Each structure stands twice: as C-alpha cells, then as structure tokens.
C-alpha cells in the first residue's frame, strides 16, 4: 500500500508545478461557470416555477462543478499512460514489481487531484463572493459529508472508466477516435453539460442508472441539495456498484491484454 | 541462472499498399503478415556470466530481452530465470532483476532523481539500511553527487544513463539486463559505464545480459557472445574464437614516399591514397615478417602497422556469412 501512496504523492507534487496551466484553467472555469449561470438565469426568468431544480440549486451545482471540473474528466491528458502505450515505454512499467492496473489507477487519480487542488479554491472563493443571486450556498454538515464521500467515489469511477479507455488503446493505432467518443458520451450523460434533472423524465430514468451519472451528477446533486439524504445514500450505493463492476472489468481486461502486448523497436 | 528453452514468438503486422484507395480499403479489411521474431530459440546462461547478445536490427535481440524481463509472453516455449517464469510470475520475478533500456527512461521526468529513487525504494520494498548503503556505493561509483537533486529532464544523456543504471541496481538484482546501454553516449561516459558494469559483475556476482551494436562494448565486457539473426541463434562462443573462426586475415597499413609498391601473392590491396595504402594479408600464403620485409625492400617505406581486423568488421563479415 505504501508504494501506491508514494506514487500518488510524487504524481501530485509533479502536477502542482505547472503555474500557467493552473491560472489558465481557473480563468476558464470561472468564465464558463458564469456563462452557464447566465444561461440558466435566462431560462428561469421565462418560467421559474416549472423547473425541477430551483435557480439557487442550479447555481450551486454549476459552481461546484466548475471547481471540481478536472476531477470528473474521464478523458484527461494522462500523458504518461498514453505515451507509455504509444511509444512502448510501457516496457519499463512492466519491469516494476507492482500491478500495472493499480499503479495506473493511482496515477490517473493523481493527475486529476493535483490540478483540482490548484483550481478549486480560487473558483470557490470567487463563487462565494459574487452578487448574492449568483452565489454558491453551503449545505448542512451531513450533506457536506455525503458529498465528500460521493465525490471520492465519483473520482474512482471516473478513473476506472478512464483505465478501460486506456486499455482499449492497446488495440488501436491512435487514441484520438476513442477519446472523442468517450468525451462526448461521458460529458453529456454525467450531467457535465446540463444537470441531469433537466433531462426529460423517460430519458432521465435510464440515464440515472448508467455509470455516467455516478461520475459527476451524484455528488453535485447531493451538494446542491436537490436530493434527500435517503436518495443520496442510494446514489452512493449505486456508485459503489459501478465502481466494483468497472474495476473488475478493467483488471480482467488488463491481464488479458498484457499477455498479448507487443512492444516494438528499441 | 537463465534457461531459455525452445522459445518462439511471432508478430502479426498489417500490410497495406501505398495510396489513397488502399488506405480506404484497409478501413474495411486488413491483410496481415506473420513475422517470426524468434524461432525455437534455446540457450543457457550460468550464474555470474556476462553475455553479449548481438545481431543486426530486427534480428530478435530486444524480443529476447523483453521475454526474459517478463514484458512479452512468447507463443511457445519456456523460460526460467533465477528459478522463476518471467511472464507468469511477473511481479515477484521483476523484484530480483534490474533492467536498463538505453532508448527509454524509467526516471520520472520532472522530479529530482532522488525522488524517483525513493519511489523505487518503496516499490521494491528495499530496507532503509540496504537502500542507504547501495545509494552511497552507487553514487560514489557512478559519480552521481549533485545529479541526485536535479530533475531528470535537466540532465544530459550521459548523466541520465548513469542515473538509470544506478536506479536499476538499487535493489541488489541478481540479473541485470542491459538493452543498448551505451547508445548515444560520448566516449568518456561509455568507458565509465563499461567499467562500472564490469565492477558490479565482479564484486556482486551479478549476471549481466547486454545487447548492443557497439562492438567495443562487447570487447570490453563480454567473454561470451550470442549471435542472433532471423530469429535464430547462429553462433554461441568466445569473442576471440569468433574472430579466429571468421578470419585469419591481417591488415597492414603502410605509408611510403615515391611509387606505390607492387602487390605480391597473398596480399590484396583494399585502399590506396596518395602515399598510403591498406592491404589485407593472408598469413597462410605470406607470413607477416615476410610481408614487412617485402615492403621494406621494395618501397620508400616511412611507416607500417599490422593489426587484426576489427570486431566491427568481423561482425559485418559474420552478418554477411549468415546472410542476415
């Protein structure tokens, strides 16, 4: 276990040193969040009573989403894994006495945690001090705890799916195509573009139980206060189930793939 | 130490004709070609040996090393290194081997070397005492000192290679695999690396397998050489023996003033410049002293040197002989 913690540490430290990236993403998150809020404001002004989420819930949802944006990205650069597969430096990863699946899992987590550590505070601080109408609200302690648990699970589900995508890259010459497909699917169905409750009822019923909802929508809805505590616990349970399924599939495929891997040249 | 038994490994390669039409066609159906990277290869290596593994590009050298490291799974055959099967017991097995791929880096790119080393310490579960002792020994021998605090991206190739080699030895491996460890290094670094490998082999009894295209590596390090070509072991033996086997020819370089000498039986002129000449001599027909006497008598000789053909040329001759 210690080695995975060391791995996480070295990757997080590594990620913390890129200042320009941090500033760029803070600015873009803030601008994006504001834009989305204004769009929803326009919608709510036309008929505020007909929506499933109140405007204030939507605002909290959006700010928290922007603060944790990178944490919930299935398709994030994960540069070292992509290059390891593309240029064959995976050879070195295989001569280390640790399970590749586990070490990649940790790496992917670290890749998302370190930029989030840099981003989330500035975005949240701004979100807490803008004009009251557009301000983020802070939920009661219990909700906050449930939100934290659910966020960690969401990150794990995100990473487990990202790893499935990385494993598929062993079979393709270029990762580009699959990344585009996965980006579109996950952003849309996880509530990354519009919160899931805004989906039409019959669609929502299906989307809610898909793994994508576990990757972003569950913690954000808990935070925004839209769901009851009971519903929150159910959501967390569903997250656990998807996490187990995705990890088991990932480990199985990884073992199968590694026995056929071909490292060319050099 | 190493048992490599009847290993076969094939690759499937996509074939496509040039051009737009064929590229579109390949979207729907692909043709594959099977390449035998290794064809029923067997050999053994004893404990504490240094074995050089040579062969032209694409001969199967790297495939062999990667199978021995547990990276690739062969299609058939068995391999036991240090009492274990590399690909079936990968994680347990790699704890006891060290690997350096000259063309790749295992150090984390943007953190100081020492951070990478400490991560290896945790990864290989090296005891603190052993780690400290090894780190000290390796930093002295490889002159790491200040380098340890520098991120890998800021090191020169030679400096980085020294760190890579140190990293692969932190956990006292019993076998060390070196895949082109001196590629791209300058003369000083090359010599330092060779010296170090020799020393480690002598003092720790580490078995070393080295692949290289640099024949001076082979000459400086190894007693035993395996020649591989087209997926088969073609030769297995001592480097001096190989030299004798391939050629007994001597090379004579002369400098002279005046007219170039006439060539007599047993000599072949290989190159002639203004007042220099390179001759290959078959000592069975004309002995070396006789040849020198001949030049002294017939030419305005100013300088003469006699040498064996170089390992480089010997290997080229071997590749030619086996048509690989």
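The values are calculated or read from the model by the stated rules, or taken from the named source; none is laboratory data. Quick caveat, the model's predicted, so the values are computed rather than measured. Note that we place each Cβ from the backbone using ideal geometry, even for glycine, and neighbour counts take in every protein chain shown.
Among the criteria (1) within 14 Å of chain B (Cβ to nearest Cβ); (2) at pLDDT below 90, the one residue A:251 does not fulfil is (2).
When each of B:64, B:91, B:73 is tested for being within 9 Å of chain A (Cβ to nearest Cβ) and under 14 Å from residue B:8 (Cβ atoms), the lone residue that passes is B:73. In region A:18-37, the residue that is surrounded by the most Cβ atoms within 10 Å (Cβ to Cβ) out of those that are within 14 Å of chain B (Cβ to nearest Cβ) and in a helix (DSSP H, G or I) is A:21.
Here residue B:85 clears all of (1) closer than 27 Å to residue B:173 by Cβ; (2) touching a residue at least 12 places away in the same chain (Cβ under 8 Å) except the condition numbered (2). Residues in region A:77-99 that are more than 7 Å from chain B (Cβ to nearest Cβ) and without any contact (Cβ under 8 Å) to a residue 40 or more places away in the chain: 7 in all.
If the condition is being more than 9 Å from chain B (Cβ to nearest Cβ) and closer than 16 Å to residue A:79 by Cβ, then region A:6-17 contributes A:12, A:15, A:16. Residue B:129 fulfils the conditions (1) within 23 Å of residue B:109 (Cα to Cα); (2) away from chain A (no Cβ under 13 Å); (3) part of a helix (DSSP H, G or I); (4) out of contact with any strand residue (DSSP E or B) (no Cβ under 7 Å at 6 or more places or on another chain) except for a single criterion, (1).
Taken over region B:96-124, the criterion of being within 18 Å of residue B:1 (Cβ to Cβ) and either out of contact with any helix residue (DSSP H, G or I) (no Cβ under 9 Å at 6 or more places or on another chain) or more than 10 Å from every other protein chain (Cβ to nearest Cβ) (or both) is satisfied by B:96 alone.
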